[in-house]
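What follows is a single structure, written as structure tokens, with notes after it.
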Amino acid sequence: MSVVVQTPREQTRARYPDDQGYVERDGVRVYYEVYGSGEPTVFLLPTWSIMHSRHWKMQIPYLARHARVLTFDGRGNGKSDRPEEVAAYAEEEHAADSLAVMDATGTDRAVIVSLSLGAQRALLLAAEHPERFARAVFICPSVSLGRPLPERVQYPFEDVHDADEGWAKYNRHYWLRDYRGFLEFFFSRMFTEQHSTKQIEDCIGWGLDTNPETLVATRLAITMGEEETRALCSRVCCPLLVIQGTADAITGESRGIALAEETGEELVLLEGSGHAPHVRDPSRSIFSSETSSRPRSRRGGHEAGRGASGRSSSAPRSGSGTRSGTLASPASSVSSIPTSRSTGWRSIP
Amino acid sequence: MDRRLAGAKRNRMTVAVGSPIEQTRARYPDEDGYVERDGVRVFYEVYGHGEPTVFLLPTWSIIHSRHWKLQIPYLARHFRVLTFDGRGSGKADRPAEVEAYTEGQFAADALAVLDATRTERAVVVGLSCGALWGTLLAADDPDRVEGAVFIGPAVPLAPPHPERAVHSFHERLDTDEGWAKYNRHYWVKHYEEFLEYFFGRIFTEPHSTKQIEDCVGWGLELTPETLIATEEALSLCGLESFRETCKRVRCPVLVLHGDEDAIRPLAQGAALAEATHGTLVTLEGSGHCPHARDPVKVNLLIREFVESMARRPT
């Protein structure tokens, strides 16, 4: 007797959505999915449209056992439309899509979780719609705070360069010439951890689900500078958690640290993690997000003199003001990474 | 104290997610010890208390019993699991003589471990060369072996891959490309390079860097001289005597073999299943170590087989 056990050729999912659909704004449709029916709703925001919502695949099945999970493909990738105009990819458009998805799914209020560039739309949402966001988790936020990686500032995106080594590949002309080559480079920098070939392969595949022309448009739409970022930070009143990998080779650890500093909010540094710890170390990252149910703490002292508008907290207070969750790893240690404030850099994922 | 308690100037902590210096285990043995035969000690471990006992046999001594690490925690939830480091590997001794590494020696060690752990009967599971002593045990000690699972069996019942029959193991070669690395002179000079090549061929599946790294590390726990002795001993196992051994096997046999196995052809697994009247399960896309690369699939197949033992009329 002989039996053949087959390996599936197409990626299956650990969990399939309970509800899905499209919302349309100004002729642009985005595709959303809902998993589970618990409380609260965890809203996994889109990141830069170089990937679509499948990058949350290690979070969805787990979180949906404990909460209701909402996610959608950001315009420009996945099952969402790919408008041609740069203006269609403005952060305000992504934020408006997010609200439209919440409305379409009857979601009054949610915990938002963002990765990288998703931080910018998350800040917009949390600052401008405090009644709809109970908490915000930022994973390796790409915001215009802190310092950029030095190796990333030498090659302007729109110039023609002689070389196409390393970060010179982060260039419009190179993308149009060798899109896959760019994706391979970019995602190899995204996963600095050993044994990440599967994660890199997945991401390249998702990158190939869109095209270089669309990606150029999304890149040109990134305009949120330091001042605007600081202004948004000052208006956010829900509790935040910043999860940052110390070996992040896309934005560096400086951005995440600076966001936590700027808001006076909680920072968890994942030692040795790259730019996508939720993909490469999913158990640890989930653990972190799970323990973030705490009330908003005070602002950092150095910001005491800045504008205080919108600071009255509308977030529900849970607990006594001290942390109830723990990251009780014996290996835990308080990091003493020095932070410094630089100006004028725009964060680009 | 929780470092994230309020009061700190910044709620900041660092969580180490890098690889631990030493690999931790999902489950630690409930009992361990040594058995000695003719001055050679081997190290065994026992996990769990269920019924029956699943006996994870040593394979070629190039790796030790940690290669079962993805089976032990799962199987121990359902059965009692017994394993040991084969002579030449892990915490077992490394005798110098070739005669110390014949399949008969491994089978005798296995019996000694069964005795030392008061294990009357067990379902044996053997990988690659482990099928040689597993078959020997099943044939010669039918009262101790309830059933046998063989994964990627390395048995002389069908020809090897043609590319493995090109180069001599003993002679000095003028090339070290590909399987020419399977050569005693190359091992002595470039042991780690051999291990990297060999385990690269073991894991033909994509995304196997972790498994390869593990195995290379285990391979470095013995010397090329010891490995040469084991190789010389194994090459003594002949076709005729092994075919006779197979004929004496009466217990149920399950053979799992990857159809992409680059170490041992599927034909060897198929021939072993046929010779022992067992069942062949072909694992599509798998290489030589599906239990390390596709543990869930393999664990479920082992569990199903072991549970079918209990349902057999005695």
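Summary table below
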{"item": "Residue that is closer than 30 Å to residue B:178 by Cβ, assigned to a helix (DSSP H, G or I) and modelled with pLDDT of 95 or more, where the choices are B:262, B:270", "result": "B:270"}
{"item": "Residue within the stretch A:213-228 that is assigned to a helix (DSSP H, G or I), small (Gly, Ala, Ser) and farther than 25 Å from residue A:78 by Cβ present", "result": "no"}
{"item": "Of all residues making up the stretch A:259-278, the number that are more than 17 Å from residue A:115 (Cβ to Cβ) and part of a helix (DSSP H, G or I)", "result": "3"}
{"item": "Residues satisfying the stated conditions in the stretch A:95-107, i.e. closer than 16 Å to residue A:33 by Cα and either touching a Lys or Arg at 6+ places or on another chain (Cβ under 7 Å) or not in a helix (DSSP H, G or I) (or both)", "result": "A:97, A:98, A:100, A:102, A:105, A:106, A:107"}
{"item": "Hey, residue B:220 surrounded by fewer than 23 Cβ atoms within 10 Å (Cβ to Cβ) and more than 14 Å from every other protein chain (Cβ to nearest Cβ) or not", "result": "yes"}
{"item": "Answer from B:193, B:146 - the residue that is over 28 Å from residue B:82 (Cα atoms), in contact with a Lys or Arg (Cβ under 9 Å, 6 or more places away or on another chain) and acidic (Asp, Glu)", "result": "B:193"}
{"item": "Selection from the stretch A:162-185 of residues that are at pLDDT below 95 and surrounded by 15 or more Cβ atoms within 10 Å (Cβ to Cβ)", "result": "A:164"}
{"item": "Residue list for the stretch A:27-47, filter: surrounded by 22 or more Cβ atoms within 10 Å (Cβ to Cβ) and either among the aliphatic types (A, V, I, L, M) or in a loop (DSSP other than H, G, I, E, B) (or both)", "result": "A:30, A:34, A:42, A:44, A:45, A:46, A:47"}
{"item": "Filtered residues of the stretch B:228-250 (kept if small (Gly, Ala, Ser) and either exposed (fewer than 14 other Cβ atoms within 10 Å of the Cβ) or not in a helix (DSSP H, G or I) (or both))", "result": "B:235, B:238, B:241"}
{"item": "Per-region count, the stretch A:235-272, residues out of contact with any helix residue (DSSP H, G or I) (no Cβ under 7 Å at 6 or more places or on another chain) and either free of Cβ contacts under 8 Å to residues at least 12 places away in the same chain or over 19 Å from residue A:133 (Cα atoms) (or both)", "result": "15"}
{"item": "Of all residues making up the stretch B:135-166, the number that are touching a Phe, Trp or Tyr at 6+ places or on another chain (Cβ under 9 Å), of a type outside the set (A, V, I, L, M) and under 15 Å from residue B:277 (Cα atoms)", "result": "2"}
{"item": "The stretch A:92-105 residues that are over 16 Å from residue A:124 (Cα atoms), paired with ones that are among the β-branched types (Val, Ile, Thr) and outside any loop (DSSP other than H, G, I, E, B) (beta carbon under 8 Å, 6 or more apart)", "result": "A:103/A:23; A:104/A:23; A:105/A:34"}
{"item": "All positions within the stretch A:255-276 that are more than 7 Å from every other protein chain (Cβ to nearest Cβ) and closer than 16 Å to residue A:189 by Cα", "result": "A:274, A:275, A:276"}
{"item": "Scan of the stretch B:251-300 for residues that are within 9 Å of chain A (Cβ to nearest Cβ), surrounded by fewer than 24 Cβ atoms within 10 Å (Cβ to Cβ) and of a type in the set (S, T, N, Q), ordered by number", "result": "B:279, B:282"}
{"item": "Any helices (runs of 4 or more DSSP H) falling wholly within the stretch B:134-227 and containing at least 3 residues that are free of Cβ contacts under 8 Å to residues at least 12 places away in the same chain, farther than 28 Å from residue B:109 by Cα and not small (Gly, Ala, Ser)", "result": "B:209-219"}
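The values are calculated or read from the model by the stated rules, or taken from the named source; none is laboratory data. What you are looking at is a predicted structure, and each value in this text was computed from that prediction instead of being measured. Backbone-built Cβ (ideal geometry, glycine too); neighbour counts: all protein chains shown.
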